[in-house]
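Every number here is computed from the coordinates shown, using simple stated rules; none is lab data. The shown structure was predicted, so the numbers you read here are calculated from the model rather than taken from an experiment. Note that each Cβ is placed from the backbone with ideal geometry, even for glycine, and that neighbours are counted across all protein chains shown.
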Amino acid sequence: MSMGRYAASTDPEAGRDGDGAVLLRSPSGATARVSLHGGQVVSWKNDRGDELLFTSSKAIMKPPKAMRGGIPICFPQFGNCGTLERHGFARNRMWALDEEHPGLSRSDSGSRSLVDLILKPSEEDQKSWPHSFEFRLRISLTKDGDLSLVSRIRNVNGKPFSFSFAYHTYLSVSDISEVRIEGLETLDYLDNLSQRERHTEQGDAITFESEVDRVYVSSPNVIAVLDHEKKRTFVIRKDGLPDTGKTHPFIHFPPCLQ
């Protein structure tokens with residue numbers, strides 16, 4: 001997914017509203033709304049105004065509660081694989097606009113609307129997870145409306161630490177029986193509904209007939225989510241993250257980096 005910097009005076013396609021959020025707009029008319037609460041994409045609409053992400057009607061849109069929907073950032077822990085609160089604390093914190101350029105290429109910045117965010121640990125965070133870091137997140141829309149996220153995590157003091165990480169994406173789909181996923185065939189997966197037992201996917205494509213909660217290991221860099229009722233296909237690309245998870249009726253992509 002990709003990286004960048006928000007500057008209202010130089011990027012006419014981006015704007016900040018009064019609710020602690022940044023609105024990105026592509027030349028095609030697609031939009032993405034990014035909340036500073038959690039550094040979270042809470043809306044992504046195509047050029048026809050169709051919402052592509054799901055947000056629960058019961059979602060609480062202010063700290064300290066995590067927002068259920070959009071693309072929560074799970075860090076420094078995914079799920080319950082550690083001693084911290086489920087999915088870590090990053091999704092519950094207020095992020096800041098990054099005023100320092102992270103040194104990434106901006107050769108194509110004229111074709112994207114983008115924002116750079118940064119999260120640093122608070123004293124309270126370091127009581128439960130005593131490590132110094134800077135988490136930089138770039139969220140961008142291409143001129144055609146494709147959504148891109150790139151994360152960079154810097155170890156500030158050089159003392160080793162490990163973490164798990166995810167873009168916990170909620171895609172908006174129709175009836176789940178009309179949805180299939182291609183690209184995970186023949187892969188091994190860990191089934192969270194049966195004590196993380198390891199199995200091998202047997203189907204030609206993934207379909208949903210009952211509750212599903214799995215992590216597919218060593219997944220390919222491209223998968224497709226096909227929604228036959230809406231006649232819509234999500235093509236999801238990743239780079240540098242090994243696994244893909246899915247939970248009926250949500251797609252978590254990718255779930256974990258350690």
Open item on the list: If the only charges are +1 at each Lys and Arg Cβ and -1 at each Asp and Glu Cβ, what is the size of the charge dipole of the range 127-258 around the Cα centre, to the nearest 20 debye?
Closed with: 1000 debye
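Please list, by residue number, every one of the trypsin sites (Lys or Arg not before Pro) in the range 190-229 that is coil in DSSP and has at most 15 other beta-carbon atoms within 10 Å.
Details: sites: 196, 198, 214; in loops: 196.
Answer in residue order: 196.
Order these by the 10 Å Cβ neighbour count, fewest first: 194, 43. Before the final figure, lay out the partial values.
Values: 194 11, 43 17.
By the 10 Å Cβ count, ascending, the order reads 194, 43.
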Task: Note, ³J(HN,Hα) from phi for the range 29-44, Karplus 6.51, -1.76, 1.60, rounded to Hz, x at Gly and Pro - done: x, 5, 9, 9, 10, 10, 8, 6, 6, x, x, 10, 6, 10, 8, 9
- [ ] At q = 0.28 Å⁻¹, what is the base-10 log of I(q)/I(0) for the range 176-252 according to the Debye formula with one equal point scatterer per Cα and no solvent? Please give it to two decimals.
- [x] -1.57
